[in-house]
1. Examine segment 69-79 for a residue that is out of contact with any strand residue (DSSP E or B) (no Cβ under 9 Å at 6 or more places or on another chain), in contact (Cβ under 8 Å) with a residue 24 or more places away in the chain, among the β-branched types (Val, Ile, Thr) and assigned to a loop (DSSP other than H, G, I, E, B), and state whether such a residue exists.
2. Looking only at segment 102-154, filter to residues that are surrounded by 14 or more Cβ atoms within 10 Å (Cβ to Cβ) and not in a loop (DSSP other than H, G, I, E, B); which one of those is modelled with the lowest pLDDT?
3. Please determine whether any residue of segment 124-138 is touching a Gly at 6+ places or on another chain (Cβ under 8 Å) and charged (D, E, K, R).
4. With the requirement that a residue be β-branched (Val, Ile, Thr) and under 17 Å from residue 222 (Cβ atoms), what does segment 6-50 give you?
5. Looking at residue 43, is it surrounded by 11 or more Cβ atoms within 10 Å (Cβ to Cβ), closer than 30 Å to residue 153 by Cα, basic (Lys, Arg) and touching a Phe, Trp or Tyr at 6+ places or on another chain (Cβ under 8 Å)?
6. Go through (1) part of a strand (DSSP E or B); (2) loosely packed, with under 15 Cβ neighbours inside 10 Å; (3) not basic (Lys, Arg) and name the single condition residue 88 misses.
7. Condition check: surrounded by 14 or more Cβ atoms within 10 Å (Cβ to Cβ) and either of a type in the set (Phe, Trp, Tyr) or under 30 Å from residue 74 (Cα atoms) (or both). Does residue 183 satisfy that?
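The values are calculated or read from the model by the stated rules, or taken from the named source; none is laboratory data. What you are looking at is a predicted structure, and each value in this text was computed from that prediction instead of being measured. FYI the Cβ positions are ideal-geometry reconstructions off the backbone, even for glycines, and counts take in every protein chain you see.
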Amino acid sequence: MFTFLFDDIGVPQDYRHMDGSGVHTYTLINKAGKSHYVKFHWKPTCGVKSLLEDEAIRVGGANHSHATQDLYDSIAAGNYPEWKLFIQIMDPLHEDRFDFDPLDVTKTWPEDIFPLQPVGRMVLNKNIDNFFAENEQLAFCPSLIVPGIYYSDDKLLQTRIFSYSDTQRHRLGPNYLQLPANAPKCAHHNNHHEGFMNFMHRDEEVNYFPSRYDPVRHAEKHPIPSTVCSGKREK
């Protein structure tokens, strides 16, 4: 990120004209159990625009929240910002073929070798109504993943998997995943009970499994391939 800041990319003009990156290398797993390393990229449909040093000083000096103001005003005016989601994939069996470590967060994958593949898009079409409830209480954790996406041996990612959740529990309490801003939109069932700031009443449920009083069917497990390591982990 430091290198990007002092590169030709410079300082982003605003949030609507800047790229996004997953930073870490994750793993995609299909239903057959085949895995591939993956890098996630967000590309703005309105293009990337940057500021020169003197421009950044002038714009930032006039309004230190200019990027936030621009994003809010654009959404309010109906000029909804949009990003397209791209991925780069790599066979884990090929990671030693290159002169860089694919799991190193300071390295980018060459797009001529690993081309960007479009897989989705994101449109911001509504400003938040309550800044505290919908923004300040957001809790991002790399450990919260969906079936089909898994971790890699990226050392920084492995650290963040447990440290971020601890941070959110300290910041928002043990039931931070019950907050509307963080709760899943789909139906879910777990054995989590009580704790500070709990507002889910489960008096009719038992908090252990298995139980003949509350038969619960496990969600279908997604295959997680085993990993064989040999030699040094780092390059």
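1. Applying the first criterion (out of contact with any strand residue (DSSP E or B) (no Cβ under 9 Å at 6 or more places or on another chain)) to segment 69-79 yields 69-79.
From what is left, the residues that are in contact (Cβ under 8 Å) with a residue 24 or more places away in the chain are 70-72, 74-76.
With among the β-branched types (Val, Ile, Thr) added as a condition, the list becomes 75.
Retained after the next criterion (residues that are assigned to a loop (DSSP other than H, G, I, E, B)): none.
No, segment 69-79 contains no residue that is out of contact with any strand residue (DSSP E or B) (no Cβ under 9 Å at 6 or more places or on another chain), in contact (Cβ under 8 Å) with a residue 24 or more places away in the chain, among the β-branched types (Val, Ile, Thr) and assigned to a loop (DSSP other than H, G, I, E, B).
2. Checked segment 102-154; the qualifying residue modelled with the lowest pLDDT is 134.
3. Within segment 124-138, none of the residues are touching a Gly at 6+ places or on another chain (Cβ under 8 Å) and charged (D, E, K, R).
4. At the first step, the residues of segment 6-50 found to be β-branched (Val, Ile, Thr) are 9, 11, 23, 25, 27, 29, 38, 45, 48.
Of everything in segment 6-50, those that are β-branched (Val, Ile, Thr) and under 17 Å from residue 222 (Cβ atoms) turn out to be 27, 29, 38.
5. So residue 43 fits the description; yes.
6. Residue 88 satisfies all of (1) part of a strand (DSSP E or B); (2) loosely packed, with under 15 Cβ neighbours inside 10 Å; (3) not basic (Lys, Arg) except (2).
7. When the stated conditions are applied, residue 183 does not pass them.
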